[in-house]
Amino acid sequence: MRYSKERKEAVLRKMMPPHNRSIIELAREEGISEATLYLWHRQAREQGLLLPDSDRVPEGWTARDKFNAVVESAGMNEAESAEYCRRKGLYPEQLARWRRACETANDWDREVNRRLKSEQKADRKRTRRLERELQRKEKALAEAAALMVLRKKAEAIWGGGTRWRMISAGQPGSPAL
């Protein structure tokens, strides 16, 4: 069934603030199928009309609806904004709160970047500390290995007896090398 443009606009106005009538309620009242009303609703949203998705109260509006309300009212002075709020069924405080949320929406990105940079800095610092500790331990291990090789060579040259133990221990009375 085809509906006149005027009838369609009248029904859409009932969906819009301040009325915010539900599609189910309008379908019963107007005698138009819910599918048709959902189609009109979707088409109106695609054309940029401010139609709340599901909830009748402005606090239940989607982020998209809130953003659209902020954009529509961005260039208005206080009187125009108050008139806009009356037409849409909003309070100026709600619109102001939504505007602040939109203005700070991208600041989370800056905060995340700041936190990531500080974490990266801490990670680099920890990595440098661990690398220095690893180098120190590698040097100590290399020194211990060198001492073991020297000890084996000395034992091979002088023998592994008691005399070598006395020399290596640096005990008094041991023969001089």
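Separation of segment 104-154 and segment 6-39, taken as the distance between their Cα centroids, equals 67 angstrom. Modelled label positions at Ser33 and Arg114, each set 7 Å beyond Cα in the direction of Cβ, lie 5.5 nm from each other. Heavy-atom accessible area, probed at 1.4 angstrom with all protein chains present, ranks Tyr38, Tyr91 as Tyr91, Tyr38, highest first.
The values are calculated or read from the model by the stated rules, or taken from the named source; none is laboratory data. Computed from a predicted model, the values in this text were never measured in an experiment. All Cβ positions, even for glycine, are placed from backbone atoms using ideal geometry, and neighbour counts span all protein chains on display. Heads up: the accessible areas ignore ligands, DNA and RNA and are worked out on the full protein's heavy atoms, side chains in. Shrake-Rupley method; radii C 1.70, N 1.55, O 1.52, S 1.80 Å.
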